[in-house]
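The structure appears right after this line, and notes come after that.
No lab work stands behind these numbers, since they all come straight from the coordinates. None of the values given here were measured: they were computed from a predicted structure. Glycine gets a Cβ as well: all are built from the backbone with ideal geometry, and neighbour counts include every protein chain shown.
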Amino acid sequence: MILSQYCDKLTTEMNWKKHRLELLKDPQVRKAWEENRLEYEIARAIIKARIEKGLTQGQLAKKLKTRQSVISRFENAGTVPSISFLKRLAQALDLNLSVQFK
């Protein structure tokens, strides 16, 4: 990644963090966030893993023998993936899948 792209990424992440903090001041937004946090974290983990492997949604879908729209729904937290799908995803990305209770 070239320096300008890295700086753009940091700026975007910083802006999102500030914006999220503002949004979470609203009790209704905070409640919705807390109720959907797991779905968001799963979506974020899928996006991060895919990007770190340098794949588009379409390329990942092809590796998984599914459609790009399926990957999109997971990444938008519109659908929660099954454990069997997460296992297939981990295998396609050459990663280990782990589940934690904290």
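Identify the residue in the stretch 53-91 that is of a type in the set (D, E, K, R) and surrounded by fewer than 13 Cβ atoms within 10 Å (Cβ to Cβ) and, among all such residues, is nearest to Arg37 (Cα to Cα).
If we take residues in the stretch 53-91 being of a type in the set (D, E, K, R) and surrounded by fewer than 13 Cβ atoms within 10 Å (Cβ to Cβ), then Lys87 is nearest to Arg37 (Cα to Cα).
Out of everything in the stretch 40-52 that is hydrophobic (A, V, I, L, M, F, W, C) and in contact (Cβ under 8 Å) with a residue 12 or more places away in the chain, what residue ends up being surrounded by the fewest Cβ atoms within 10 Å (Cβ to Cβ)?
Top of the filtered list is Ile47.
Take Val29 and decide whether it is under 15 Å from the mean Cα position of the chain (by Cα) and either of a type in the set (Val, Ile, Thr) or not in a helix (DSSP H, G or I) (or both).
no
Here's a check for you: in the stretch 39-53, which residue that is touching a helix residue (DSSP H, G or I) at 6+ places or on another chain (Cβ under 6 Å) and aliphatic (A, V, I, L, M) is nearest to Ala77 (Cα to Cα)? Spell out the reasoning first.
If we filter the stretch 39-53 for residues that are touching a helix residue (DSSP H, G or I) at 6+ places or on another chain (Cβ under 6 Å), which is where we start, we get 43, 46-47, 50.
Now restrict to residues that are aliphatic (A, V, I, L, M): 43, 46-47.
On the way: Ala43: 5, Ile46: 10, Ile47: 11 Å.
Going through the qualifying residues, I end up with Ala43.
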